[in-house]
C-alpha cells in the first residue's frame with residue numbers, strides 16, 4: 001500500500017533527476033542542432049523561437065523511467081503504463097527526428113502517425129477489457145455506483161478516446177510551459193485518485209510523471225530553453241490515456257483534461273467552418289493562439305489555462321466521489 005509520503009518522495013526524486021538531466025541534455029540537443037522549426041502560418045511572435053532545442057521530452061522520459069524502475073513495483077499495470085507512454089513517445093521521437101533531419105515543421109505523414117497510435121490504443125483497450133474486474137464497463141462520472149457496459153463497442157471506444165487524447169495533448173503543446181503545466185496538474189489528480197483507491201502502480205507512476213513535468217517546467221516555462229517536441233507531448237498523452245483507462249475513467253478525461261478537449265475542438269470547428277463557409281470562427285487555432293491574436297501575452301494564456309485545469313480537476317474529484 002503506497003502512502004502519501006511515498007508519493008511525495010517519488011515526486012521529489014523525479015523532479016531532482018529532471019533538474020539534473022536538463023543541463024546535460026539541453027546543451028547536447030543544441031550541439032546536435034536539434035532545433036525547433038516553427039511553422040510559417042503560426043503567430044509571427046513565435047518565429048523568434050525557431051532553433052530552440054526540441055525533443056526535450058526525452059528528459060522527462062528518462063527521469064520517469066529511472067524513478068519508476070527504482071521506486072516502483074514493475075507489475076502488469078506498471079508495464080502497460082510504460083508501454084503506452086514510451087510507445088507513443090517513440091512515435092513522437094520519429095516524427096521529431098524527421099522534422100529536424102529534413103528541416104521542416106512536418107514530420108511523419110498523418111496516416112503513419114495514426115496507424116501507430118491506433119495499434120497502441122487497441123493494445124491498451126484489449127489489455128484492460130481482459131484484465132479489469134469491470135471488464136468492458138466504465139465508470140460514469142457524477143453517478144455514484146453506476147457503470148456503462150460498452151460490450152463489443154469497448155475496444156473501438158477506448159481506441160478513439162486514446163488516439164483523441166494523445167493528439168489533443170499534442171495540439172496543446174503550442175506555448176511555453178502550457179502542455180507540461182496542464183499535464184502536471186492532471187497527473188497530480190490521477191496520483192491522488194490512485195492513492196485513494198489503493199492502486200499503487202498508478203499512484204507511483206503518476207507521482208513520477210508529476211515530478212518530471214514539474215522539473216521540466218524549469219527549462220520549458222517562458223522563455224523556454226527547450227521544447228518537449230512530439231516526443232514529449234505524445235508520451236504525455238499516452239500516459240494520461242493509459243492511467244485513465246486502467247482506472248476505468250475514460251469519461252473523466254474531458255473533465256480533468258478540459259484544456260486538451262477545447263484545444264482539439266477549436267481546431268475541428270475552425271477546419272469545418274472554413275471548409276463549409278469559407279469563414280474562420282477563431283482568429284487562429286488551436287485556441288491558445290486565438291487568445292494570443294486577441295492580444296493576450298503568452299504567459300497570461302498559459303496561466304489562465306493552468307488555473308482552468310486546477311478547477312476542472314477539482315470538479316473531476318467531485319465527479320468520482
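Every read-out reported here was derived from the displayed coordinates using simple, explicitly stated rules and does not represent laboratory data. Predicted model, so just to flag it, every value in this text is computed and none were measured. Glycine gets a Cβ as well: all are built from the backbone with ideal geometry, and neighbour counts include every protein chain shown.
Taking 0.36 nm per intervening residue step and subtracting the Cα-Cα distance, what contour gain separates residue 109 from residue 130 on full extension?
Numbers: separation 21, 0.36 × 21 = 7.56 nm, distance 3.25 nm.
Value of the extension gain: 4.3 nm.
Run the quick spin-label model on residue 70 and residue 153: label points 7 Å from Cα toward the beta carbon, then report their separation in nm to one decimal.
Taking the two extended label points, one gets 4.6 nm.
So, in Å, what gap is there between the alpha-carbon centers of the stretch 1-25 and the stretch 196-245?
Using only Cα atoms, the two centres lie 12 Å from each other.
Using 1/(1 + (r/R0)^6) with R0 = 35 angstrom and r between the beta carbons of residue 294 and residue 4, what's the FRET efficiency to the nearest 0.05? Walk me through the numbers on the way to the answer.
Details: r = 41 Å, r/R0 = 1.18.
Efficiency computed from Cβ-Cβ geometry: 0.25.
Picking from 208, 224, 264, which is most flexible by a Gaussian network model of the chain using Cα springs under 10 Å?
Ranking 208, 224, 264 by mean-square fluctuation puts 224 first.
Just want to confirm a number: the relative contact order over the chain, from Cα pairs under 8 angstrom separated by 6+ residues, in percent.
Details: 543 pairs, mean separation 89.4, N = 321.
Rounded, it is 28 percent for the chain.
When the chain is fully extended, how far beyond the present Cα-Cα distance does residue 30 get from residue 146, taking 0.36 nm per residue of separation? Intermediate values should be presented prior to the final figure.
Numbers: separation 116, 0.36 × 116 = 41.76 nm, distance 5.19 nm.
Additional length available on full extension: 36.6 nm.
Before anything else, pin down the relative contact order of the stretch 96-185: Cα pairs under 8 Å, at least 6 apart, normalised by residue count, whole percent.
Once normalised by length, the contact order is 21 percent.
Kindly provide the pair-distance distribution of the stretch 4-249 built from C-alpha pairs, with 5 Å bins from 0 and whole-percent values in order of increasing distance.
1, 7, 14, 18, 19, 16, 12, 7, 4, 2, 0, 0
Ranking 4, 219, 97, 260 by Cβ neighbours within 10 Å, fewest first, what do you get?
So the ranking, lowest neighbour count to highest, is 4, 97, 219, 260.
In deg cm²/dmol, rounded to 500, what helix-only [θ] at 222 nm does the chain give when every DSSP H run of at least 4 residues adds -39500 (n - 2.57) and the total is split over its residues?
Mean residue ellipticity, 222 nm, calculated: -23500 deg cm²/dmol.
Give, in nm to one decimal, the length gained when the segment between residue 303 and residue 276 is fully stretched (0.36 nm per residue of separation minus the Cα-Cα distance).
Length gained, residue 303 through residue 276: 6.3 nm.
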